[in-house]
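Note sheet for the following structure.
The values are calculated or read from the model by the stated rules, or taken from the named source; none is laboratory data. All values reported here derive from a predicted model rather than from experimental measurement. Methodologically, a virtual Cβ is constructed for each residue, glycine included, from the backbone with ideal geometry; neighbour enumeration extends over all protein chains shown. Note: accessible area is taken over every heavy atom of the protein model, side chains too, but ligands, DNA and RNA are not part of it. Shrake-Rupley method; radii C 1.70, N 1.55, O 1.52, S 1.80 Å.
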Amino acid sequence: MKDIKTIEPEKECSAARGGDAETEVESIPVYRPPLKKIRRFFYRNLGPPRMPLAFSLGCFLVERFPQRIPFTKYASQDHYTFYIPPFGTKAYRRVIKGGILRDLDLGGGPSAVTLAITARCPCSCYHCSADRRSRKNEMSTEAAKDVIRQCVELMTGSIVLTGGEPMIREDHLELISYIRDMEATPQMFTSGYFLENSRVEMLKEAGLDVLFVSLDSPIAEEHDLTRGIEGLFSKACQGLKYAAQIGIRTGISTFATHESVSRKYPELFFRLGEELGVSELTIFDVTPTGKLIDKEEMLLTSEEHRYLSDLQEGQFIRKTGPKIVTMSYVNYPSIIGCFGAKYQIHITHDGYVTPCDFTPLHFGNVLEEPLSVIWNRMRAHPEYRKKTVSCRMQDPEFRRRYIKKIPPDAQLPYPMERIPME
């Protein structure tokens with residue numbers, strides 16, 4: 001008999017989802033997968049963090065046997081996760097080839113790139129990770145296309161447009177189409193502010209493959225308060241639902257805090273995702289960066305990480321609802337580990353290249369030198385040569401060695417070369 005653990009959510013206001021305030025959300029069963037210890041032993045010793053080629057081999061296997069991969073066969077049959085291109089595409093094959101070259105130190109580059117095409121945004125989030133960053137020098141359309149081309153040349157499969165609010169930029173549809181024409185997978189993270197039906201249809205026509213909407217709370221009033229825009233939750237959810245209806249792959253992106261975990265918000269987001277027809281729910285860990293860069297007390301506890309990890313690993317035989325992807329599980333050192341400067345990089349609207357969008361340290365500017373040069377510089381840094389580490393931005397030692405040495409009045413991202421080495 002399978003070991004079933006049931007997570008009991010609190011009674012929570014469901015007005016944002018069309019229900020009564022006292023409606024109790026149905027709990028999510030968590031199924032302990034069989035042979036968990038053996039699987040963890042395999043990951044720890046033969047998985048992507050340690051074994052060269054394991055990442056590419058894993059991509060090959062899940063493409064060949066998708067019907068045998070738990071929670072892939074029902075949530076999104078042509079994706080293992082939205083952070084990797086669809087099975088069978090040139091972008092997917094590029095990710096596999098790039099992973100082989102990267103692991104053998106023969107070339108290759110990041111599997112995914114998040115590209116902030118603007119710093120402009122209608123929201124005023126308390127947690128904005130782009131705080132203390134310039135709002136000037138937004139790269140031109142041609143410069144952005146050149147960056148996209150360089151990403152593809154480095155064997156990148158997915159290019160994710162972010163901001164700011166990417167839909168505020170006038171040429172975002174042109175850039176989406178260019179990514180598609182370069183045979184990469186165009187994705188977007190948005191606040192949902194501009195998701196009227198007509199504009200969602202334009203995203204579809206431009207070739208957008210995946211649309212993630214960022215939500216801070218499953219409760220409309222709370223979300224609107226944290227974003228500073230009344231009615232944003234409703235608009236975002238309506239746009240997300242319509243996008244799913246017309247064939248755009250959709251997901252909800254949120255982050256976990258002490259409070260949201262204690263109030264069982266991840267389960268509420270899961271039920272919301274079911275109602276909206278989304279295929280994937282991503283739960284990031286709250287990360288002290290941007291406006292929260294000094295708030296290290298917000299870092300999750302080991303118990304909170306375990307709870308979130310169980311949500312992903314525990315969906316072993318579930319057959320309905322969106323796929324759950326949690327940073328707590330994926331970034332665990334014996335699963336994948338830190339993605340920064342290995343599987344992904346981030347490029348700011350003004351060209352600075354960072355290991356991820358949470359890391360306020362840059363290794364150069366793609367508007368001044370080739371992306372390949374910056375990528376190799378980043379990979380050669382002693383910190384990023386390490387193989388098995390969890391999320392660096394949540395690691396106290398990494399923060400002591402690098403983040404706390406950033407001058408408090410410095411513009412971000414800060415040059416890594418100016419951080420004194422120990």
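Among the residues here, ARG318 does not qualify as of a type in the set (Lys, Arg) and either touching a Cys at 6+ places or on another chain (Cβ under 7 Å) or in a helix (DSSP H, G or I) (or both).
Annotation: of all residues in the stretch 42-85 being in contact with an Asp or Glu (Cβ under 6 Å, 6 or more places away or on another chain) and surrounded by fewer than 20 Cβ atoms within 10 Å (Cβ to Cβ), the one that is modelled with the highest pLDDT is LEU53.
Contact annotation: residue pairs with Cβ atoms under 6 Å, 6 or more positions apart or on different chains, pairing a residue in the stretch 367-394 that is charged (D, E, K, R) with a partner that is modelled with pLDDT of 95 or more and part of a helix (DSSP H, G or I), are ARG392/PHE398. Among the criteria (1) under 20 Å from the mean Cα position of the chain (by Cα); (2) under 21 Å from ILE403 (Cβ atoms); (3) open to solvent by 10 Å² or more (accessible area, probe 1.4 Å); (4) among the hydroxyl-bearing types (Ser, Thr, Tyr), the one THR301 does not fulfil is (1).
Checked against (1) touching a helix residue (DSSP H, G or I) at 6+ places or on another chain (Cβ under 8 Å); (2) in a helix (DSSP H, G or I); (3) within 21 Å of TYR83 (Cα to Cα), TRP375 passes all but a single condition, namely (1). Scanning the stretch 104-114 for residues that are surrounded by fewer than 18 Cβ atoms within 10 Å (Cβ to Cβ) and either at pLDDT 95 or above or closer than 15 Å to ALA54 by Cα (or both) gives LEU104, ASP105. Would it be correct to say that THR320 is more than 20 Å from the chain's Cα centre (by Cα) and of a type in the set (Val, Ile, Thr)? It is true that THR320 is more than 20 Å from the chain's Cα centre (by Cα) and of a type in the set (Val, Ile, Thr). Here THR359 clears all of (1) open to solvent by 10 Å² or more (accessible area, probe 1.4 Å); (2) part of a loop (DSSP other than H, G, I, E, B); (3) β-branched (Val, Ile, Thr); (4) farther than 20 Å from ILE100 by Cα except the condition numbered (1). Among the residues making up the stretch 167-222, those that are hydroxyl-bearing (Ser, Thr, Tyr) and in a helix (DSSP H, G or I) are SER177, TYR178, SER198. Scanning the stretch 256-289 for residues that are open to solvent by less than 20 Å² (accessible area, probe 1.4 Å) and part of a strand (DSSP E or B), which turns out nearest to ALA243 (Cα to Cα)? So, considering only residues that are open to solvent by less than 20 Å² (accessible area, probe 1.4 Å) and part of a strand (DSSP E or B), the one nearest to ALA243 (Cα to Cα) is GLU280.
Residue by residue, here is whether (1) open to solvent by 10 Å² or more (accessible area, probe 1.4 Å); (2) at positive phi; (3) under 20 Å from the mean Cα position of the chain (by Cα); (4) not small (Gly, Ala, Ser) holds:
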{"site": "ALA116", "(1), (2), (3), (4)": "no, no, yes, no"}
{"site": "PRO122", "(1), (2), (3), (4)": "yes, no, no, yes"}
{"site": "SER140", "(1), (2), (3), (4)": "yes, no, no, no"}
{"site": "GLN150", "(1), (2), (3), (4)": "yes, no, no, yes"}
{"site": "PHE194", "(1), (2), (3), (4)": "yes, no, no, yes"}
